[in-house]
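What follows is a short report on a single structure.
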Amino acid sequence: MMNMSIGVLLPMPDGPPPGFFHRDQDSDSSESKDPARAKRVIVVDDEVRIASTLVEILKGEGFEAVFASTGETALELARQFQPDVVLSDVIIPGLNGIEVGVRMSELFPKCRVILFSGQAATLDLLRDARARGYEFEILAKPIKPAALLAIIRRQ
């Protein structure tokens with residue numbers, strides 16, 4: 001297992017355009033419900049270097065993983081990708097991570113939503129989501145890969 005913290009990576013100086021998401025050319029886009037297939041994970045973070053690093057860690061552990069840099073793009077991507085897990089930063093421009101989690105839960109009731117944040121404002125947003133009937137797991141930044149993998153693998 002890697003023993004590094006993701007939060008220490010520097011953002012790309014000239015980040016991608018708004019709404020950018022990454023998907024490898026060789027990723028399977030079928031909507032198969034084969035239980036033997038790898039879990040599909042969408043990572044949502046406006047810090048592209050963090051998102052892409054998390055995707056690479058997940059792929060190295062056998063997951064199918066893609067990332068989106070906005071909540072809106074993550075929702076569009078989810079319709080094609082059919083995620084089992086969504087891992088989202090809470091504080092992102094536009095649609096915040098909690099709203100992404102709420103909408104993903106509505107679109108894909110079996111999809112697990114795991115949020116992460118390094119911001120104190122997250123607590124108020126989580127209280128609001130709980131009041132609306134949504135409960136999400138939350139990780140603090142910087143994310144430790146071993147802890148993240150253990151949470152994703154937990155049923």
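Can you give the local net charge around ASP124? Use residues other than it whose beta-carbon is closer than 14 angstrom to its beta-carbon, Lys and Arg +1, Asp and Glu -1.
+1
Fully extended, how many nm does the chain gain between ALA140 and ARG49 (0.36 nm per residue separation, minus their Cα-Cα distance)?
31.0 nm
Over 5 Å intervals from 0, what percent of Cα-Cα pairs in region 84-155 sits in each interval?
3, 16, 29, 26, 18, 6, 0
Out of residues 5 or more away from VAL43 or on other chains, whose amide H comes under 5 Å of its own, with H placed 1.01 Å from N in the peptide plane?
Amide H neighbours of VAL43: VAL66, PHE67, ALA68, LEU87.
Set the Förster radius R0 to 25 Å, insert the Cβ-Cβ distance between ARG130 and ARG79 as r into 1/(1 + (r/R0)^6), and round the FRET efficiency to 0.05.
Using R0 = 25 Å, I get an efficiency of 0.40.
For region 37-153, what are the per-bin percents of Cα-Cα distances with bins 10 Å wide, up to the bin holding the maximum?
Bin by bin from 0 Å, the calculated values are 15, 53, 30, 2.
Rule-based calculations on the coordinates, nothing more; no lab input. As the structure is a computational prediction, the values presented were derived from the model and not from experiment. We place every Cβ from the backbone using ideal geometry, glycine too, and count neighbours over all the protein chains shown.
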